[in-house]
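**Student:** Please find one structure pasted underneath; my questions will follow.
Any read-out appearing in this document is the output of simple, stated calculations on the displayed coordinates, not a laboratory observation. Small disclaimer: the values here were computed from a predicted structure and weren't measured. A quick note on method: Cβ atoms are made from the backbone with ideal geometry, for glycine too, and the neighbour counts reach across all protein chains shown.
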Amino acid sequence: MTTEAKKRNIPDLLFSLLTGLASFTIILLILGILATLLTESWPAIRKFGFFRFLFTVEWNPVKEVFGAASTVYGTLLTTFFALLFAIPTAIGIAIFVTEIAPNFLKGPIGAAIELLAAIPSIIYGMWGLFTLAPIMSKYIEPALQKWFGSLPVLGMLFRGTPLGIDLLTASVILAIMIIPFTASISRDSFNLTPSVVKESAYAMGATQWEVVKDVVLPYSKLGVFGGAVLSLGRALGETMAVAFVLGNNHRIATSLFDAASTITVTLANEFAEADSDLYLSSLYYLALVLFGLSFLALATAKLFLLRAEKKYSR
Amino acid sequence: MKKILSIAVLAVVLSSSLFAAQAAETLNGAGASFPYPVYSAWAFEYNKISGVQLNYQSIGSGGGIKQITERTVDFGASDAPQKPEKLATGKLLQFPAVVGGVVFVVNIGGVKSGELKLDGSTACKIFLGDIKKWNDKQIEAMNGGMKLPDADITVVHRSDGSGTTAIFTDYLSGVCPAWKDKVGGGTSVNWPVGIGGKGNEGVANYVAKTANSIGYVEFAYAKQNNLVHTKLKNKAGAFVEPSFASFENAAETGTFDPKQDFYLWLTNAPGKNAWPIAGATFILLAKEKTEANKKVVKFFDWSFQNGDAKAKELVYVPLPKTLKDKIRGYWKANGIL
C-alpha cells in the first residue's frame, strides 16, 4: 500500500472506529443496566429466591414481605386486554389504509396515526383520569354490568362498584397508546405483499374481502405478529398513563372493575420513599423481572420479524 | 474570529467566578417533599439578608436520609422521625422544623365541611373494610342520627410512598389495635381496601370524582383547595376541627424530648383541642460536620424567628415557642449554635 492510499484510508478508519464505538456503547449500557439491577436486587434475591418472589402475592413494606405476583399479574393482565382491544382495531386501520381507502384519504389517516404515537403518555393519563374515567364509570361500565353481569363465568369479570379507575380503563388507554405501533407496522407489512399477486387475485374475480383474507393477511401475518409483540413491549413498560387510572393496588384482581398495579407503576410510586434496604432492593428486583419480561417479548418479536423477512426476500 | 474567541473566554472566566462565589455560600439539602415550599420560601427571604443560597432537592424522605447518611448533603429532611438508636449508628442529629398534619376528606351527597364526625375506631373500621356503608349504625350514632346514604364506602389512599401515609397509619395504629396487628404504620402499607391515588392531588381527585368516598390528604392541601373535611375525636375525647389552633395545640402538648433527639410521632397528642393526626417534619445533620451544621442551624434559627408568618401563609403550622427554645438548647448542647 502506498502512503497515498494510507492517507486516504485514515478518515475511513476513523469513521468506522467512531460508529463502532457508538454501537458498542449500547451493548455496554445494556450490560451495565443488567449488572446494576442484579447487584442492587441481590439482597432481595437472596431473601426471597426466584420462584417465591414471583409467586408471593403479598407486598407489605411494613412487615418487609415482598412478592411480585400481584404486580406481574397486573402488568400481564393490562397488557393482555390492551392487545385484545388494540390488535383488531389496528389491523382494521391498516387494511383500510392499504387496500380500501381512496388515495386522498391515505395521507391524512396515516398522519393521524403517527400523531397519536407522538402524544406524551402523561397526557393520555390525564385525559384518562379527567375524561375517560368518568365516562367509563357513569355509562360504559354500568351498561357492561347490566348486560354481562349475570352471565355464569363471564359475569365474574364485571363485578364490583364501577369506579372508572380500574383494569378496564387502564387497558383501554393502553390500547389507544399502542394502536399506532401495531397499525403502522401492519401497514408496512401489508405493503410488502407483491402487487402482482394481488392483481392476479383480482383478475380471477376475487372480492376485496377475499384478497385481504387469502392473499394479503397470509403474506404478512408474521410481520403483523411482530408488530403486535413490539406493542406488547411498549404496553409492558408503560407507566404514567396507567398510574393515573389503574388504582394502584397490590391485590390479585378478579374483576375488570378492580384496581390493580403494574411493575412500572409500583416503581414510580414507591421508589422515592422506600425507606428500608430490603424494600429498595425488592423494587430493583421488580425492575429486573420487568427487564426479563421485556427482553423475552422483544426477542420473540425480533425472531418472527427475521423469519418473515427471510421468507419474503427469497 | 478573534472577537468571538475573546468573548467566549470572557464568558468562561465570568461564569466560573460566579460559580465560585456561589459555591462558597450554598447550603445543600435533600429530602422530604412535604416541607419543600416552606423551606424554599424561607430560603428566598434568608438569601436577601445573608446572601446564602439554599439548594434543596425534594426527593423524598427516604432519599434525604440516605444522602445525609452518605454525607453528600449538608442536611437531610425526613417526614418520619428517626429513632435515637438509628441516629446514633448514622452519627446524626435531628430536630423538628415545622408541623403539618393529615385530614379526612369525604364526598357524600349533602354533607358539608365539618359536618361529619368520626372517631379513631370508626375511621379504622372504614379503612379496614369492616364498616362498608355510610349508614352504618356506628357512624350514625356518632353523628346524632344524621341521615347518611345507604351506599358503599369507597376508600381512597395514597399509592405512592409518603410521609402523609406514615403519619396517617401511625395514627390508625395508635387508636386501633386491629390496624396495628393487620397493617401497621409506614410510608406505604398493604392496604386492605380501596383505590390508590398518586399524591395529595391524586387522592383529592379520586374523592371528588367518586360519590360516597373517603380519603386522607395533607392539611395544607385540603385547606388550599377547600375540600370537604370531617371532624375527628381526639385523645381528650373532644370532636375537633382541623385548624391552625388545633394543630398548634397538638404541637404544644406533644412531648418532644431533646434527649431523645425529638423523636416523636405527633399523633394523638393529649391537648384538649389537639388535632389527633399531626406530625412534625425533621431536619437531619451530620454530627461531625460542625462548620456546615453551624450554617444550617443559622438558617433555621433565622427562620424560627422570622418565618412564622410566611409558614402560615403556606398553611404550615409553625413550631410553638417552647419547642423552639428546646431546639436552641439542643443546638447549643451540640456546639452548633
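**Student:** In what order do B:Glu248, A:Glu199, A:Glu270 fall by count of nearby beta-carbon atoms within 10 Å, going from fewest to most? If you can, show how the numbers build up before the last one.
**Tutor:** Numbers: B:Glu248 20, A:Glu199 12, A:Glu270 26.
Going from sparsest to densest Cβ surroundings: A:Glu199, B:Glu248, A:Glu270.
**Student:** Once Lys and Arg get +1 and Asp and Glu get -1 on their Cβ, which of A:Ile10, B:Thr169, A:Ala94 lies farthest toward the positive end of the dipole of the protein assembly as shown?
**Tutor:** A:Ile10
**Student:** Cross-link partners among lysines for B:Lys48, C-alpha distance below 18 Å, same-chain residues fewer than 8 apart left out?
**Tutor:** Hits, sequence-local ones excluded: B:Lys295, B:Lys298, B:Lys310.
**Student:** Next question, about the same structure. If you plug each phi of the stretch B:138-148 into the Karplus form 6.51 cos²θ - 1.76 cosθ + 1.60 with θ = phi - 60°, what whole-Hz ³J(HN,Hα) values come out, in order, with x for Gly and Pro?
**Tutor:** Once rounded to whole Hz, the list reads 5, 6, 5, 4, 5, 9, x, x, 4, 7, 10.
**Student:** I would also like to ask the following. Give me the percent relative contact order of the stretch B:58-122, please, defined on Cα pairs under 8 angstrom at least 6 residues apart. Don't skip to the end; give the middle numbers.
**Tutor:** Details: 22 pairs, mean separation 12.9, N = 65.
Result for the stretch B:58-122 is 20 percent.
**Student:** State, to one decimal in nm², a quarter of the convex hull surface area for the C-alpha atoms of the stretch A:43-313, i.e. the direction-averaged projected area. It would help to have the intermediate numbers written out before the result.
**Tutor:** Details: hull surface 69.8 nm².
Hull-based average projected area comes out at 17.5 nm².
**Student:** Just the number: Rg to Rh for chain B, Cα atoms, Kirkwood Rh, two decimals.
**Tutor:** My calculation of the ratio gives 1.05.
**Student:** Taking the simple approach of a point 7 Å from Cα along Cα-to-Cβ for both A:Ala101 and B:Glu288, what is their distance in nm?
**Tutor:** Taking the simple label geometry, A:Ala101 and B:Glu288 are separated by 6.8 nm.
**Student:** List the residues, sorted by chain then number, that are 5 or more residues from B:Thr26 or on another chain and whose placed amide H is less than 5 Å from its amide H.
**Tutor:** B:Gln53
**Student:** Distance in nm between label sites at A:Phe295 and A:Thr207, each 7 Å beyond Cα in the beta-carbon direction?
**Tutor:** Computed distance between label sites A:Phe295 and A:Thr207 equals 4.9 nm.
**Student:** Sequence neighbours fewer than 8 away in the same chain don't count; with that in mind, list the aspartates and glutamates whose C-alpha is under 15 Å from B:Lys231.
**Tutor:** Straight-distance partners of B:Lys231: B:Glu115, B:Asp119, B:Glu140, B:Glu218, B:Glu241.
**Student:** Going by how many other Cβ atoms sit within 10 Å of their own, how do B:Asp181, A:Asp277 line up, fewest first? Intermediate results must be reported in sequence, preceding the final value.
**Tutor:** Details: B:Asp181 9, A:Asp277 13.
Ascending number of Cβ neighbours within 10 Å: B:Asp181, A:Asp277.
**Student:** Pairs of Cα atoms under 8 Å, at least six residues apart: use those to get the relative contact order of the stretch B:202-337, whole percent.
**Tutor:** In percent, rounded to a whole number, it is 21.
**Student:** Test of the criteria: in the stretch B:146-246, which trypsin sites (Lys or Arg not before Pro) are in a DSSP loop and have at most 16 other Cβ atoms within 10 angstrom of their Cβ?
**Tutor:** Passing both the DSSP loop test and the Cβ count: B:Lys147.
**Student:** On to the next question. Which FRET efficiency value, to the nearest 0.05, is calculated for A:Thr131 and B:Lys48 with the Förster distance at 45 angstrom and r the Cβ-Cβ distance?
**Tutor:** In this case the efficiency is close to 0.55.
**Student:** Report the relative contact order of chain A, percent, no decimals, based on alpha-carbon pairs under 8 angstrom and at least 6 residues apart.
**Tutor:** Result for chain A is 27 percent.
**Student:** What's the magnitude of the charge dipole for the protein assembly as shown around its Cα centre, counting Lys and Arg as +1 and Asp and Glu as -1 at the beta-carbon? Answer in Debye, nearest 20.
**Tutor:** Roughly 600 debye for the protein assembly as shown.
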